[in-house]
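**Q** Following this message is one structure expressed as structure tokens.
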Amino acid sequence: MAKDILGEAGPHFDELNKLWVLDPEVTQQTIELKEECKDFVDKIGQFHKIVGGLIELVDQLAKTAENEKMKAIGAQNLLKSIAKQREKKTKKQREVQQQQLQALIAEKKMQLGRYQVEYEALCKVEAEQNEFIDQFSFQK
């Protein structure tokens, strides 16, 4: 009975007569677990490298997106600035055009006044000539 207990829990000999404390089956399972753990650690390392590369790529894309966003904001501000400048120019152009039209109206009014005076003078001359013709006709 002591041999059975010692046989179950005690030392074991393999084919090469090496002394083992653990059961050969448990030893084999331990070796397999060790290899699986090594494979798992290797895969975790590869995963870590892949994730690191992905994070770098995402960071680069984020920086690029931020740069493009800043460019777009700058372009938008530039367009607003140009629109305001055009609006100011347009307003100034309207004011200048209005002043030019008012000057033209004043000039035309003065010309109208001259034409009215000339018309009245010509009417007076016509009346005088008609009167002269009438007097000349009566004398004959």
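**Q** Rg(Cα) of the chain divided by 2.2 N^0.38 Å? Write down the numbers at each step before the final one.
**A** Values: Rg = 56.7 Å, N = 140, 2.2 N^0.38 = 14.4 Å.
After normalising by residue count via 2.2 N^0.38 Å, the value is 3.94.
**Q** Right, next: Show me the three semi-axes of the equivalent ellipsoid for segment 78-122, from the C-alpha gyration tensor (sqrt of 5 times each eigenvalue), largest first, rounded to whole Å. Numbers along the way, then the final one.
**A** On the way: eigenvalues 364, 4, 3 Å².
Working through the eigenvalues yields semi-axes of 43, 4, 4 Å.
**Q** If you take the charge dipole of the chain about its Cα centre, with +1 on Lys and Arg Cβ and -1 on Asp and Glu Cβ, which of 137, 41, 100 is farthest toward its positive end?
**A** The listed residue farthest towards the positive side: 137.
**Q** Rank 54, 112, 79 by mean-square fluctuation in a GNM of the chain with C-alpha springs under 10 angstrom and give only the top-ranked residue.
**A** 112
**Q** Gain in length, residue 66 to residue 82, computed as 0.36 nm per residue apart minus the alpha-carbon separation, to one decimal in nm?
**A** Details: separation 16, 0.36 × 16 = 5.76 nm, distance 2.41 nm.
Net length gain for the segment: 3.3 nm.
**Q** What accessible area per residue, rounded to a whole number of Å², is obtained for segment 57-140 using a probe radius of 1.4 Å? Present the calculation step by step, with values, prior to reporting the outcome.
**A** Details: 8330 Å² over 84 residues.
Ligands and nucleic acids excluded, the figure is 99 Å² per residue.
**Q** What accessible surface, in Å², does a 1.4 Å probe find on residue 136, ignoring ligands, DNA and RNA and rounding to the nearest 10?
**A** Roll a 1.4 Å probe over it and residue 136 shows about 110 Å².
**Q** Sequence neighbours fewer than 8 away in the same chain don't count; with that in mind, list the lysines whose C-alpha is under 25 Å from residue 49.
**A** Reachable lysines: 34, 38, 63.
**Q** For labels at residue 59 and residue 137 in the simple 7 Å Cα→Cβ model, what's the distance in nm?
**A** About 11.4 nm, to one decimal.
**Q** Further, regarding this structure: Where the only charges are on Cβ atoms (+1 Lys, Arg; -1 Asp, Glu), what is the dipole of the chain about its Cα centre, to the nearest 20 debye? Don't skip to the answer; put the middle values down first.
**A** Numbers: 22 positive and 24 negative charges, 362 e Å.
Using Cβ point charges on Lys, Arg, Asp and Glu, the chain gives about 1740 debye.
**Q** Charges only on Cβ, +1 for Lys and Arg, -1 for Asp and Glu: so what's the dipole of segment 25-103 about the Cα centre, in debye to the nearest 20?
**A** Values: 15 positive and 12 negative charges, 348 e Å.
Taking the Cα centre of segment 25-103 as origin, the dipole is about 1680 debye.
**Q** Which angle from 0 to 90°, rounded to the nearest 10, does the C-alpha axis of helix 24-139 make with the longest principal axis of the chain?
**A** 0
**Q** Oh, and also: At 7 Å along the Cα-to-beta-carbon direction for both residue 48 and residue 75, put a label point, then send me their distance in nm to one decimal.
**A** My value for the distance between the label points is 4.3 nm.
**Q** Could you give the spread of the C-alpha atoms of segment 26-97 along their three principal axes, from largest to smallest, in whole angstroms?
**A** Principal extents (Cα only, largest first): 103, 12, 7 Å.
The values are calculated or read from the model by the stated rules, or taken from the named source; none is laboratory data. Bear in mind that the values here come from a model prediction, so they are computed numbers and not experimental data. Please note: Cβ atoms are built from the backbone with ideal geometry, for glycine as well, and neighbour counts cover all protein chains shown. Note: accessible area is taken over every heavy atom of the protein model, side chains too, but ligands, DNA and RNA are not part of it. Shrake-Rupley method; radii C 1.70, N 1.55, O 1.52, S 1.80 Å.
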